[in-house]
């Protein structure tokens, strides 16, 4: 006990580093233990086998968590965009399930530095976790998780593009699937490299890193960056994300066809289809409607597609055309009008429209006719979509000051607020085909309107009541999930995430 007390009062109080050196090893210019001596009972070590491109790190350390860290670090001091890849394998069963190994990007080598890390745990948990400020507490709110079982070796990739960090996992060691993304401001230069922590002060654990790649893409001006869009689907049961299509172009708003075989999305004013299991996009003939925005969707029988196009005079109007392609028929002569929902009987369209400088929810017969105004409250109402039984319309409204999800009867009566928490601004609620769930996109409460290129979360709310849970963390917003995007079996949701990359 006397030894522990002495360590705390002498070493921990003064936040002394242990064993940081400049000794180069493989790709890395420095190595050593980070943290207080009392948090590192056994000094760490590392070796490099150039023939195998293999790093072996042995380390103790109480944890990488809360307001301080203790771990062994191989690092470079770097600037700009980075792509970091490694196969990670723990040696032996280990004492603590949450022993850690992975990539870390830190502001400094201080024990309490701001940092973000792509961390593999001994029990198969993969986490993107971060500390936003020096000395700040990490919490369960500051991590993005995925658990994988049955893997001896886990392949991860951490990308740094400007202030956005994206964590991906390759189940087969080659094809990466996104786990999540977050933004953190870490001014250049940063310390980036491989880390191991035993999660126990008096125990040393070993992790082996192979196929290690550290790509330095340099400092890139924001004006020079190009968008990369990723069409993904996610399981509502376990959060597993699958990439359908990824390209260095901007595309948005996937719909799922009722047969589950095809996804529909828009890009540069045009509409494309793609197999839900992946493949190449095919251009859909939309007649004169060549300036389609991200408000589009299919009829319940899958035979027709509603699009919102600005080709006539630059103002959005709603048109309907065959899903096989062809001439687009005008439904809403008044503009601007933005499609969002189709009644289950296929007879009525619900949409957001601006009339007399107010955005409200309207309906109109799909064959054309007079529009019916359903909301008439100061503020913005948007994102109207029918429940599967046709009794209700869900929409988002900022009438109470913060954008939230609302529900009303299909005739506009009995308008009630659905989401009430104060931390998020909620947009575009989509009920699942089986009527059990609502999925919607949420911004931080400080974000106004629904811009692109923001940290957002997809949230899932039981129709039966309860609290929303986070389904996915991503960089996105406008274009991510504006329109109905459930699979017909209610098991997966399609969406688009984004990155801002250096030019090739």
Checklist outcome for this item: Sorted largest first, the C-alpha extents of region 340-399 along its principal axes in whole angstrom are 31, 23, 14
Checklist entry - Å³ per residue of the Cα convex hull, for region 154-205? => result 127
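Per residue of the chain, what 222 nm ellipticity follows from adding -39500 (n - 2.57) for every DSSP H run with n ≥ 4, rounded to the nearest 500? Please report the intermediate quantities before stating the final value.
Values: 1 runs with 6 residues, N = 504.
Helices in the chain give a 222 nm mean residue ellipticity of -500 deg cm²/dmol.
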Next on the checklist: Give me log10 I(q)/I(0) at q = 0.13, 0.16 Å⁻¹ for region 162-289, Debye formula, one equal scatterer per alpha-carbon, no solvent.
Outcome noted: -0.80, -1.06
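Relative contact order of the chain, please, whole-number percent, based on alpha carbon pairs below 8 angstrom and at least 6 residues apart.
Numbers: 1445 pairs, mean separation 59.0, N = 504.
Computed value for the chain: 12 percent relative contact order.
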Checklist entry - How big is the Rg/Rh ratio for region 222-501, C-alpha atoms only, Rh by Kirkwood, two decimals? => result 0.93
Item to check | Rounded D (µm²/s) - region 427-504, Kirkwood Rh over Cα pairs, Stokes-Einstein at 37 °C, 0.692 mPa s | outcome: 249
Checklist outcome for this item: One finds the C-alpha centres of region 73-151 and region 311-327 to be spaced, in Å, by 48
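Determine, for 423, 141, the number of other Cβ atoms within 10 Å of each Cβ, and report the residues in order from fewest to most. Could you put the intermediate results ahead of the total?
Details: 423 10, 141 7.
Least to most surrounded, the residues fall as 141, 423.
What order, most packed first, do the peptides 294-300, 442-448, 389-395, 215-221 have when packing is the mean number of other Cβ atoms within 10 Å of each residue? Working shown, then result.
Numbers: 294-300: 21.9, 442-448: 15.0, 389-395: 18.7, 215-221: 12.1.
Descending packing order for the listed peptides: 294-300, 389-395, 442-448, 215-221.
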Next on the checklist: Order 259-266, 459-466 from most to least packed using the mean count of other Cβ atoms within 10 Å.
Outcome noted: 259-266, 459-466
Checklist entry - Taking the Cα atoms of region 2-218, what is the range of coordinates along each of the three principal axes, in descending order and whole Å? => result 52, 37, 34
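Please report the equivalent ellipsoid semi-axes of the chain, computed as sqrt(5 x eigenvalue) of the Cα gyration tensor, largest first, in whole Å. Mind showing how you got there, number by number?
Values: eigenvalues 470, 105, 74 Å².
Sorted largest first and rounded, they come to 48, 23, 19 Å.
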Checklist outcome for this item: Quick note on 437, 406, ordering by fewest other C-beta atoms within 10 Å, gives 437, 406
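Arranged from highest to lowest average of other beta-carbon atoms within 10 Å per residue, in what order do the peptides 301-311, 411-421, 235-245, 178-188 appear?
Working: 301-311: 20.4, 411-421: 13.5, 235-245: 16.5, 178-188: 18.4.
Highest to lowest by the protection proxy: 301-311, 178-188, 235-245, 411-421.
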Checklist outcome for this item: In cubic angstrom per residue, the convex hull of region 295-433 built on its Cα atoms measures 112
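Quick note: the coordinates plus some simple rules give every number you see, no bench work behind them. All values derive from a computational prediction rather than experimental measurement. No Cβ is skipped: glycine too gets one built from the backbone with ideal geometry, and neighbour counts run over all protein chains shown.
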